[in-house]
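What follows is a short report on a single structure.
The values are calculated or read from the model by the stated rules, or taken from the named source; none is laboratory data. Not measured: the values here are computed from a predicted model. Heads up, the Cβs are rebuilt from the backbone with ideal geometry, glycines too, and the neighbour counts pull from every protein chain shown. Each accessible area value is taken on the protein alone, full model and side chains, heavy atoms only, with ligands, DNA and RNA left out. Shrake-Rupley method; radii C 1.70, N 1.55, O 1.52, S 1.80 Å.
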Amino acid sequence: PIPVPVPILRLPRGPDGSSRGFSPSSRQAQDGSPVGSPGGCRGVRAALRERFLRVLGVARGRPSHFSLRSGVRVDGVFGAADVEFRMFQVDSLRTPLGVEAAALLRGSDVLAFSF
């Protein structure tokens with residue numbers, strides 16, 4: 001088996017002797033751009049988060065499949081997810097025991113889902 005490469009986390013330099021905190025010039029993202037700039041880690045994370053939330057908005061009302069931690073697969077119509085992604089609201093949830101008109105799935109129980 002080929003070993004999986006592990007990214008290196010580069011921490012900012014510590015405070016120098018004359019200051020009380022980290023110097024703003026030492027704050028750099030992993031790609032070398034300043035943190036908080038459009039090309040920095042925060043900008044990339046914000047763009048990815050926005051794209052993810054847009055996908056969830058488009059997914060509303062679409063058939064979806066959920067793989068749960070217990071090995072059970074359930075199907076239903078995706079409704080919504082809370083801000084922290086702890087709960088999924090699903091309509092017409094088809095389970096091995098029957099169909100539920102509306103249900104909440106805990107995010108911690110969901111291993112994967114698709115639309």
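As a summary of the residue check, VAL35 satisfies the conditions (1) of a type in the set (A, V, I, L, M, F, W, C); (2) at pLDDT 55 or above; (3) farther than 18 Å from PHE115 by Cβ except for the one numbered (2). The set of residues from segment 96-109 being over 25 Å from the mean Cα position of the chain (by Cα), part of a strand (DSSP E or B) and exposed (fewer than 14 other Cβ atoms within 10 Å of the Cβ) comprises GLY98, VAL99, ALA101.
Please determine, by comparing only the residues of segment 51-74 that are in a strand (DSSP E or B), out of contact with any helix residue (DSSP H, G or I) (no Cβ under 8 Å at 6 or more places or on another chain) and over 12 Å from PHE115 (Cβ atoms), which one is most open to solvent (accessible area, probe 1.4 Å). The selected residue is ARG73.
Looking at VAL58, is it among the β-branched types (Val, Ile, Thr) and at pLDDT below 85?
So VAL58 does not fit the description; no.
Looking at segment 86-115, I want the residues that are at positive phi and have a partner that is open to solvent by 50 Å² or more (accessible area, probe 1.4 Å) and among the acidic types (Asp, Glu) with Cβ atoms under 8 Å, at least 6 apart or on another chain. Which pairs are those? As it stands, the answer is SER92/GLU100, since those pairs meet every condition given.
Quick check on segment 75-95. Is at least one of its residues assigned to a loop (DSSP other than H, G, I, E, B) and modelled with pLDDT of 85 or more? Checked against the condition, which is being assigned to a loop (DSSP other than H, G, I, E, B) and modelled with pLDDT of 85 or more, segment 75-95 yields at least one hit.
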